[in-house]
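So the structure is just underneath, and the comments pick up after that.
The values are calculated or read from the model by the stated rules, or taken from the named source; none is laboratory data. Worth saying up front: this structure is predicted, and the values here are computed from it rather than measured. Quick reminder, even Gly has a Cβ in these numbers, built from the backbone with ideal geometry, and neighbours come from all protein chains shown.
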Amino acid sequence: MTSDRQTTMHRRDGLRAATAIAAALANRHVLASGSASEAGKAEAERRHLEVLERYRPLWDGPTLEIGLLVYPGMFLQDLVGPLTMFEALMNRRIHLLWKTRDAVGPERPEHPGLPVMPTTRFEDCPERLDVLFVPGGVPGTLTMMEDRTVLGFLADRGARAGWVTSVCTGSLILGAAGLLRGYRATSHWVTVDVLRELGATPVRSRVVVDRNRMTGGGVTAGLDFGLDLVAKLRSPAYAKAVQLYLEYDPRPPFDAGRPERAPKETRRFMSEMFAGMVESTTAAARRAASSWPTGKG
């Protein structure tokens with residue numbers, strides 16, 4: 001049982017971390033705005049550095065190399081949720097990874113979507129990443145599950161990464177690269193059982209951690225996933241500060257976010273609508289598994 005003293009200490013640590021991140025990020029925005037006078041900017045910079053130094057134990061650590069795969073047809077929220085959490089880390093380098101540095105958008109022109117600019121080509125990616133992350137999205141997941149260049153890159157960097165991670169159907173892409181064999185993992189509730197075809201043990205949970213594999217459920221689970229990973233990369237106190245900075249306090253208007261709680265007709269509608277996707281991802285998973293070298297675990 002947690003003592004009153006421990007509770008007070010935890011609250012104090014959380015408050016300190018919240019103060020650090022709020023002050024540092026607020027001052028960063030002031031410095032970038034260009035609207036303050038030169039004297040004001042100098043003062044803001046001084047305060048920024050002073051606050052960072054004062055709270056260094058809460059945010060400091062080795063520089064983190066974080067690589068996020070971006071690809072045509074991904075679901076933007078799968079990327080943006082975790083990316084928002086990663087950007088709140090003070091000492092990190094973030095790489096948006098793709099084959100080229102050309103904008104990545106919808107897989108098909110008729111599908112609306114915002115383009116994302118990759119920052120780093122596969123060939124320029126650091127050999128060892130602290131975090132390798134793959135978002136989900138349909139139809140892009142199906143294409144990535146059979147893209148030999150993408151799977152080869154993920155297998156190579158994943159073999160050396162500190163954390164191998166995904167959200168939603170991104171776990172199917174990791175699985176197709178052979179990175180989830182023998183691991184517990186999750187995915188979007190519609191496709192979680194497909195993981196079995198890729199040598200993983202499916203778990204119906206919001207976030208699943210198995211050794212250095214962390215996988216998140218569908219779409220919005222990326223926010224929980226991101227906070228969880230920030231806590232492991234830095235500290236729970238700092239993760240709480242990030243949560244408060246982002247005011248992440250979800251209160252959905254309906255209790256239908258999980259199939260076991262959704263109304264029967266809603267569940268039937270979604271299940272029937274995505275039945276074809278389950279069949280397609282299952283077939284793609286079987287093809288991927290059949291291409292793995294025999295004897296490789």
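Being more than 18 Å from the chain's Cα centre (by Cα) and of a type outside the set (D, E), is that true of even one residue in segment 231-240? Checked against the condition, which is being more than 18 Å from the chain's Cα centre (by Cα) and of a type outside the set (D, E), segment 231-240 yields at least one hit. Of the residues contained in segment 242-264, none is found to be among the polar types (S, T, N, Q) and surrounded by fewer than 18 Cβ atoms within 10 Å (Cβ to Cβ). Quick one: is V116 crowded, with 22+ Cβ neighbours inside 10 Å, closer than 17 Å to P82 by Cβ, at pLDDT 95 or above and in contact with a helix residue (DSSP H, G or I) (Cβ under 8 Å, 6 or more places away or on another chain)? For V116, the condition - crowded, with 22+ Cβ neighbours inside 10 Å, closer than 17 Å to P82 by Cβ, at pLDDT 95 or above and in contact with a helix residue (DSSP H, G or I) (Cβ under 8 Å, 6 or more places away or on another chain) - is not met.
Report the residue count in segment 265-290 for those that are closer than 20 Å to L172 by Cβ and surrounded by 12 or more Cβ atoms within 10 Å (Cβ to Cβ).
Keep residues of segment 265-290 that are closer than 20 Å to L172 by Cβ, which gives 270-271, 273-290.
Narrowing the set further to residues that are surrounded by 12 or more Cβ atoms within 10 Å (Cβ to Cβ) leaves 270-271, 274, 277-278, 280-289.
The total comes to 15.
Each residue in segment 146-176 was checked for being buried (at least 24 other Cβ atoms within 10 Å of the Cβ) and of a type outside the set (G, A, S), and 9 of them qualify.
Being among the hydrophobic types (A, V, I, L, M, F, W, C) and farther than 17 Å from L151 by Cβ is the filter here; which residues of segment 186-221 pass it?
At the first step, the residues of segment 186-221 found to be among the hydrophobic types (A, V, I, L, M, F, W, C) are 189-190, 192, 194-195, 198, 200, 203, 207-209, 214, 219, 221.
Matches in segment 186-221: W189, V190, V192, V203, V207, V208, V209, M214, V219, A221.
D224 meets the conditions (1) part of a helix (DSSP H, G or I); (2) in contact (Cβ under 8 Å) with a residue 40 or more places away in the chain in every case but one. The failed one is (2).
Close Cβ contacts (under 7 Å, 6 or more residues apart or on different chains) running from residues in segment 29-51 that are more than 22 Å from A88 (Cα to Cα) to residues that are modelled with pLDDT of 80 or more and surrounded by 14 or more Cβ atoms within 10 Å (Cβ to Cβ) comprise A36/A44.
Run down D102, D124, D130 and say which single residue is at pLDDT 95 or above, within 17 Å of the chain's Cα centre (by Cα) and acidic (D, E). Only one candidate passes the filter, namely D130. When we screen L179, L233 for residues that are over 19 Å from M85 (Cβ atoms) and crowded, with 20+ Cβ neighbours inside 10 Å, the only hit is L179. When L69 is tested against the conditions (1) at pLDDT below 95; (2) farther than 17 Å from K232 by Cβ, the lone failure is (1).
Every residue, every condition in (1) under 27 Å from R181 (Cα atoms); (2) at pLDDT below 95; (3) over 26 Å from the mean Cα position of the chain (by Cα); (4) part of a loop (DSSP other than H, G, I, E, B), yes or no:
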site	(1), (2), (3), (4)
Y248	no, no, no, yes
R251	no, no, no, yes
A262	no, no, no, yes
M270	no, no, no, no
S280	yes, no, no, no
A285	yes, no, no, no
P293	yes, yes, yes, yes
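In segment 77-92, the qualifying residues are those that are more than 10 Å from the chain's Cα centre (by Cα) and surrounded by fewer than 18 Cβ atoms within 10 Å (Cβ to Cβ), and the one that is modelled with the lowest pLDDT is N91.
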